[in-house]
1. Under the definition of Cα pairs under 8 Å and six or more residues apart, what whole-number percent is the relative contact order of segment 75-200?
2. Taking DSSP loops as anything outside H, G, I, E and B, show the longest stretch in the chain free of chymotrypsin sites (Phe, Trp or Tyr not before Pro) there with at most 14 other beta carbons within 10 Å.
3. May I ask you to compute the full-extension gain from GLU70 to ASP110, defined as 0.36 nm times their residue separation minus their alpha-carbon distance, rounded to one decimal in nm?
4. Can you work out the Karplus-derived ³J(HN,Hα) for every residue in segment 54-71? Use 6.51 cos²θ - 1.76 cosθ + 1.60 with θ = phi - 60°, whole Hz, and x for glycine or proline.
5. What does the helix-only formula give at 222 nm for the chain: each DSSP H stretch with n ≥ 4 adding -39500 (n - 2.57), the total divided by the residues, and the result rounded to the nearest 500 deg cm²/dmol?
6. For an R0 of 22 angstrom, estimate the FRET efficiency from the Cβ-Cβ distance between GLN44 and ASP138 and round to the nearest 0.05.
7. Taking GluC sites (Glu not before Pro) that fall in a DSSP loop and have at most 15 other Cβ atoms within 10 Å as cut points, what is the longest piece of the chain between them?
8. If you stretched the chain out fully between THR3 and VAL20, how much longer would it get, using 0.36 nm times the residue separation minus the C-alpha to C-alpha distance?
Amino acid sequence: MITLAVFLFIQILYPIYILVLLLGIILVKISRNKDAKIGVVGPQKAGKTLFLNALNGIWGTKPEQTIQFEKYETIEYRFDDGTTRTFKNCKDVPGSNSFIRTTYTEILEDSTDLLFFFNMKQYLENPDYERDVNARLDYIYEVRKSINKDDKSLPVTLILSYADQVKNVRKAFLAIQDKLSKKDYGKMCQNHMYPINMEKEDEVKKLIEKLFKK
Ligand SMILES: Nc1nc2c(ncn2[C@@H]2O[C@H](COP(=O)(O)OP(=O)(O)OP(=O)(O)O)[C@@H](O)[C@H]2O)c(=O)[nH]1
Ligand SMILES: [Mg+2]
């Protein structure tokens, strides 16, 4: 009798279990395939437009300084293996200070990925530059808190550009990581830091792959 009950129980529950599992897999796939909306922020000449140009397949032209908020409605990026990924409403912000308050909130509210670019050499050698970067990160941290985005809902990825201009990339990377680890806002970017020479196409391609290839 008990054996029959167990048998029936398994017969009924097993298909349900498989169905739930399949549904879970489908839901995960759908959520991973969602179009990414990238917001690109950071101080002037940090490589923001170079990055969005590369995503758009534009390489080898020196970007003009960005003087107004730019939106890219749809970007279809093709990886080296032929697979593609769609990006919607990507936003490029001028690096100058006056754009922080007017644009960062909108970007934080409407992006799935926030990339923060800054010059790693300047950060380590120029206290004014370091203060400016820290103030921007702190502002992002405060805005995120105010719009109830927890750390996982909008990761902030730090792109440490000008890796070609520091003597020892690893040492510079660790020094920046150490400085940031002491700040509250530093915690939102822990484990999301990438040193790079933004002028090298292969490095930028690798970065795009690392960040956005599923
Ligand atoms: N050597 C070197 N130069 C870089 C790097 N990143 C940016 N640059 C230089 O900085 C210039 C400006 O890059 P952009 O991508 O336009 O900078 P941005 O962050 O968009 O600057 P704004 O539009 O002023 O906010 C580039 O043309 C490069 O000459 C880097 O990693 N290494
Ligand atoms: Mg720009």
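Taken together, the values in this text are just the output of simple stated rules run on the coordinates, not laboratory data. Predicted model only: the values in this text are computed from it and were never measured. Ideal geometry is used to build each Cβ from the backbone, glycine not excepted, and the neighbour counts take in all protein chains shown.
1. Numbers: 133 pairs, mean separation 32.3, N = 126.
Relative contact order here is 26 percent.
2. The segment 80-214 is the longest one with no such site.
3. Contour length minus the Cα-Cα distance gives 13.0 nm.
4. 4, 5, 7, x, 9, 9, x, 10, 6, x, 6, 4, 6, 10, 9, 4, 10, 10
5. Here the helix-only value at 222 nm equals -15500 deg cm²/dmol.
6. According to the calculation, E is roughly 0.75.
7. On the way: sites that count: GLU64, GLU199.
Answer - 65-198.
8. Working: separation 17, 0.36 × 17 = 6.12 nm, distance 2.53 nm.
Additional length available on full extension: 3.6 nm.
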